Amino acid sequence: MSYELFDLEISPYKPAKEHCFNEEASLFFNGETSHLVRDRLNESLDTVFQSLSERNTPFSGKHHNELWELIKNIDLSKPQQCFQSTLDELKTLYLNDTFLFHDQQYLAHLNCPVFITAIAAELISTCLNTAVETWDQSAGATHIEQMLINRFTKHIGFETEADGVFTSGGTQSNLMGLLFARDSICFKINQWNVKQNGLPSYANRLRILTSEHSHYSIQKSAALLGLGKNSVVSIKTDSQFKISTKELKQTIKKLEHQGLIPFAVIATAGTTDFGSIDPISTIAQICDKHNLWLHVDAAYGGALLLSKKYKHWLAGIEHANSVGIDFHKTFFQPVACSAFFLKDKNNFKFISHHASYLNPLLDEIEGIPNLATKSLQTTRRFDALKLWLSLRHLGEEVIGTALENLIHLIRRAYLLFSSESRIDVITPPQLTTLVFRFLPQDASLTLEELNNINRGIRQTLYESGKTLVASTAIDCHQYLKITLLNPLTTLQDLQDALITIVKTGNSIHQSHILNRSRL
């Protein structure tokens, strides 16, 4: 065997100049750059707080095209040598206009202010760049994540055979729940191995049942799993927008009569629009009778597990086959921090893969805990540290109590909004969300005109940046929505928001009348 050598011209070794070496070394985090890290962090925090001091609204009101005009002209091939100049530029491009979820007039989406402890955890894990897919990249981080998983499987009520893994959010958790449900039913029917052989011939007959107000990721997951959006059957809800168990039973029987295969039910513990919690106990009984997989999407309502007053709202969750919880919602953690839980850890076999360079089977035999075996992701951040540090420093009761206070506040907001004659509240709140619309005393308004007024209110509020609310559509009617996830919000803040909403609605309504009179 012959070998060809590369024809390389070897230059005599010349030591790098001292100042060049120091300049390069100062770019990276290590044990010798602590003073530089502190300087950069202090400069960054000073810039953030300076931007906050110049703001008195949760949003600047800028249109997305305005921001794009600022950003699109940045020449990324020309770096700025001065870090403070880079931060000043970032202040203009991002900080001055970003949404402030800690502002008490931010009432729009499921975004929360975050614990300071969690920010510290982000700093620690980011500095070390810990990756938790394998033990030999994470060491104690693996055990910290596993301890949290173990703790919350107990909160859910799962037995010792349960397990779980941190995820990027509720969408990934729902995808995992449906993946396990799909593979489980295929194995039960004819021991079909989807992981090995792909979808079986009867895959187009598989059906998923869920509330008409469940998260959109259910349809998305069905599509990604090769079942198609048409495999998702929406079940009507009651007056509180909870799934109708009567209709669920009837639909299951109807599907079976048609030769279709219902195999999974998704119960929602906190719908995005209404915070509705489906009757999990009754659904679990139905699933048990028909041998269906039950996945509970508790992305929003999962923190009820830590509430002494309202944990019973999740009664029956212990009977689920899988559960998803978002800690970056009602646990006040930075994005992303979420987890998926399985009642029977043996089901992880449906996604487990072993690579000799990453998580060899021998590791598993020897008891080495490689979390990649349980995850759809390979590389994963140490997101569990945020929750761990928060719980170790503050305790679980702080989170449970904060959620309880928000529930009490939204009830008071319901009374406040219901007392205003020009506000129509669609239903009493359940978690921390209130859905309503501006409804002027004007019988001449068509549905389209009324919808346009409510759309206009939201748009006007965003353009002002002062009070931010969300919107949704129910049965072709346009509604507005506030969601409370900020424990610092007060009833006075909500009263101020109501005044702004009504004033804005009146103004748009009057403009509409004026424009109509000119036609």
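The values are calculated or read from the model by the stated rules, or taken from the named source; none is laboratory data. Predicted, not measured: the structure shown is a model, and the values here were computed from it. When we count neighbours, we look across all protein chains shown, and the Cβ atoms used for this are built from the backbone with ideal geometry, even at glycine. Ligands, DNA and RNA are excluded from the accessible area calculation, which covers all protein heavy atoms including side chains. Shrake-Rupley method; radii C 1.70, N 1.55, O 1.52, S 1.80 Å.
Add +1 for every Lys or Arg and -1 for every Asp or Glu among the other residues with Cβ under 10 Å from the Cβ of N56, and state the total.
0
For V435, what charge total do you get from the other residues with a beta carbon under 9 Å from its beta carbon, if Lys and Arg give +1 and Asp and Glu give -1?
Result for the neighbourhood of V435: +1.
Between the alpha-carbon centers of segment 470-515 and segment 346-369, tell me the distance in whole angstrom.
Centre-to-centre (Cα) distance: 52 Å.
If the cut-off is a Cα-Cα distance under 22 Å, which lysines reach K195, setting aside same-chain residues fewer than 8 apart in sequence?
Within reach: K220, K229, K343, K345, K349, K374.
Once the Cβ-Cβ distance between L362 and N452 is put in as r, and R0 is 60 Å, what FRET efficiency do you end up with, to the nearest 0.05?
Efficiency computed from Cβ-Cβ geometry: 0.40.
What lysines does K91 reach when the alpha-carbon gap must be under 25 Å and sequence neighbours fewer than 8 apart in one chain are set aside?
By straight Cα distance, K91 reaches K62, K72, K78, K466.
With every protein chain left in place, what is the accessible area of D75 in Å² (1.4 Å probe, nearest 10)?
Rounded to the nearest 10, the figure is 70 Å².
Along segment 472-483, what does the Karplus equation 6.51 cos²θ - 1.76 cosθ + 1.60 (θ = phi - 60°) give for ³J(HN,Hα), rounded to whole Hz, x for Gly and Pro?
Ordered by residue, 3J(HN,Hα) equals 7, 10, 10, 6, 6, 9, 8, 10, 9, 8, 10, 10 Hz.
Residues in segment 107-143 near a label at V48, defined as backbone nitrogen under 19 Å from the 7 Å Cα→Cβ point?
Counting only backbone N, you get 111-130.
Report which label in (1) 0.96; (2) 1.03; (3) 1.00 holds the value of Rg/Rh (Cα atoms, Kirkwood Rh) derived from the coordinates of this structure.
Comparing each candidate, only (2) matches the computed number.
Of R380, R151, which has the most accessible area with a 1.4 Å probe, and how do the rest follow in descending order?
Solvent-accessible surface, decreasing: R151, R380.
Which is farthest toward the positive dipole end of segment 231-316 among V233, T245, T268, measuring Cα position about the Cα centre, with Cβ charges +1 (Lys, Arg) and -1 (Asp, Glu)?
Of V233, T245, T268, it is T245.
Give the accessible surface of segment 159-228 per residue, rounded to a whole number of Å², with probe radius 1.4 Å and ligands, DNA and RNA excluded.
Per-residue accessible area for segment 159-228 comes out at 42 Å².
Cross-link candidates for K188: which aspartates and glutamates have Cα within less than 18 Å, leaving aside residues fewer than 8 places away along the same chain?
E256, D288, D344
Per DSSP helix of 4 or more residues, -39500 (n - 2.57); summed, then divided by the residues of the chain. What does that give at 222 nm, rounded to the nearest 500?
Dividing the helical sum by the residues of the chain leaves -13500 deg cm²/dmol.
Ignoring ligands, DNA and RNA, please state the percent of accessible area on the chain from carbon and sulfur, probe 1.4 Å.
Within the chain, the accessible surface is 54 percent carbon and sulfur.
Have a look at N190, G177, L306 and report the one farthest towards the positive end of the charge dipole of the chain, computed about the Cα centre with Cβ charges (Lys/Arg +1, Asp/Glu -1).
Among N190, G177, L306, the one farthest towards the positive end of the dipole of the chain is N190.
List every DSSP H helix in the chain whose Cα atoms extend 27 Å or more along the helix's own long axis and whose mean Kyte-Doolittle hydropathy is at least 0.0.
For the chain, where a helix must reach 27 Å along its axis and average at least 0.0, the hits are 170-190, 396-418.
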